[in-house]
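The values are calculated or read from the model by the stated rules, or taken from the named source; none is laboratory data. Just so we're clear, the structure is a prediction, and the values are computed from it rather than from any experiment. Here the Cβ is made from the backbone with ideal geometry for all residues, glycine too, and neighbour counts use every protein chain on show. Surface accessibility is based on the protein's heavy atoms, side chains included, excluding ligands, DNA and RNA. Shrake-Rupley method; radii C 1.70, N 1.55, O 1.52, S 1.80 Å.
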Amino acid sequence: MIEGSVIEVRDLTVRYGAAVALDGVSLTVGAGEMVALIGPNGAGKSTLVNTLSGILRPASGRVTIGGRLAQVPEGRQMFPDLTVDDNLRLGGWRVRNRDTGPIYEVLPDLVKLRRRRAGLLSGGQQQMVAVGRALMSRPDVLAVDELSLGLAPLVVADLVRHLRELNAERGLAVLLIEQNARIALDLCTRAYVLEAGRIAVSGSAEELAASPTVAAAYLGAD
Ligand code: ATP
């Protein structure tokens, strides 16, 4: 493993039966780094996250996680009938951490919602709970799958602000998996573009934002 990295993916190939979903993908996330993985529907982003978290097994290649990885899953995956506090507590189950107090300090908007059933919350509030639940395992790196999906820009901006703070104040590394390249390139310092199971381009966020091909495919005209 490269020293100082929290995620290292080398030549990763993942198949569903005969279909190749990831084809020789390599990427790294350094300790305390914010890295984006962008790409269209079906590019293989969810396959990559699920391989990082051990849900899927690679056909070949290697995934190394240095430290603790927590996932903010696509679609939030709340337990709708449980309260916010109980949903948070479930995030600490594996490390036997039941103390949700620190999460309310980091995400104070959740304080007034703590006794509310998660199924009654807005999408943005649920996403906030999903981030808090992931933090309960005291991770070194967060893999955030489609943070912005279905959320209003102001709500996304608030979530992004929290991720920035966690990164700046606690050195939390983030792998942001996003279809919305603008949000991803704004938040992260480096990015990879995944297309049809392969890394098509990678570089600094500035380089990618300035690249005519990336702009045309992912940033739209403005
Ligand atoms: P999305 O943004 O729609 O979630 P994605 O970039 O996350 O897309 P994946 O869901 O990882 O892409 O899918 C990558 C490829 O693997 C796609 O061609 C998809 O059809 C295929 N695929 C995904 N899951 C399965 C499965 N369980 N069985 C067979 N093929 C699958």
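With the requirement that a residue be charged (D, E, K, R) and open to solvent by 60 Å² or more (accessible area, probe 1.4 Å), what does region 70-103 give you?
74, 81, 89, 94, 96, 98, 99, listed by residue number.
Would you say residue 178 is modelled with pLDDT under 95 and under 27 Å from residue 43 (Cα atoms)?
yes
Going residue by residue through region 180-188, is there one that turns out to be touching a strand residue (DSSP E or B) at 6+ places or on another chain (Cβ under 7 Å) and polar (S, T, N, Q)?
No, every residue in region 180-188 fails to be touching a strand residue (DSSP E or B) at 6+ places or on another chain (Cβ under 7 Å) and polar (S, T, N, Q).
Test of understanding: among 39, 32, 67, 132, which residue is within 16 Å of the ligand (Cβ to nearest atom) and either out of contact with any helix residue (DSSP H, G or I) (no Cβ under 8 Å at 6 or more places or on another chain) or open to solvent by less than 60 Å² (accessible area, probe 1.4 Å) (or both)?
It is 39.
Name the residues in region 166-183 that are in contact (Cβ under 8 Å) with a residue 24 or more places away in the chain, more than 13 Å from the ligand (Cβ to nearest atom) and under 23 Å from residue 66 (Cα atoms), would you?
166, 167, 171, 172, 173, 174, 175, 176
Out of 27, 22, 56, 12, I need the residue that is under 16 Å from the mean Cα position of the chain (by Cα), buried (at least 16 other Cβ atoms within 10 Å of the Cβ) and among the aliphatic types (A, V, I, L, M). Which one?
Sole residue among the options that is under 16 Å from the mean Cα position of the chain (by Cα), buried (at least 16 other Cβ atoms within 10 Å of the Cβ) and among the aliphatic types (A, V, I, L, M): 27.
Just one of the numbered conditions (1) surrounded by 15 or more Cβ atoms within 10 Å (Cβ to Cβ); (2) at pLDDT below 95 is not true of residue 198; which one?
(2)
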